[in-house]
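Structure, as structure tokens:
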Amino acid sequence: MVDVAQIREHAEVVGSDGTHVGTVDHVDKGEIKLTKSDAASGGLHHYIPLDFVQSVTDGIVHLDRPAEEVKREWSTS
């Protein structure tokens, strides 16, 4: 499990394929809330479980699955 303190507000989130997934709004209750202002969000906040996080490197949150899979599994509430 990644140290949650390493995940910073406004950090980029990328899938295991290197594709942009979103931008961190904040971390809360075991999930990363993505900003709704990011172009990838479609104007909605999306939530990704912290279990998806593989690492945080140079301020970028790297997930353990490709971006398309993350987008199929994220929630909006």
³J(HN,Hα) across the range 58-73 via Karplus (A = 6.51, B = -1.76, C = 1.60, θ = phi - 60°), whole Hz, x for Gly/Pro?
6, x, 9, 8, 9, 9, 8, 9, x, 4, 4, 5, 4, 5, 6, 9
Full extension between Asp28 and Ser16 adds, at 0.36 nm per residue less the Cα distance, a length in nm of 2.1 nm
Using helices alone, what [θ] at 222 nm do you get for the chain, with -39,500 (n - 2.57) per DSSP H run of 4 or more residues, divided over all residues and rounded to the nearest 500?
-2500 deg cm²/dmol
Calculate, for the chain, the solvent-accessible area per residue in square angstrom, rolling a 1.4 angstrom probe over the heavy atoms of the protein chains.
57 Å²
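Based on the Cβ-Cβ distance of Ser75 and Glu9, what FRET efficiency does E = 1/(1 + (r/R0)^6) give at R0 = 30 Å, to the nearest 0.05? Provide the component values of the computation, followed by the final result.
Details: r = 20 Å, r/R0 = 0.66.
Result of the calculation: an efficiency of 0.90.
The values are calculated or read from the model by the stated rules, or taken from the named source; none is laboratory data. Values in this document were obtained by computation on a predicted structure and should not be read as measured data. A quick note on method: Cβ atoms are made from the backbone with ideal geometry, for glycine too, and the neighbour counts reach across all protein chains shown. When the accessible area is computed, the model is the full protein with side chains, heavy atoms only, and any ligands, DNA or RNA have been set aside. Shrake-Rupley method; radii C 1.70, N 1.55, O 1.52, S 1.80 Å.
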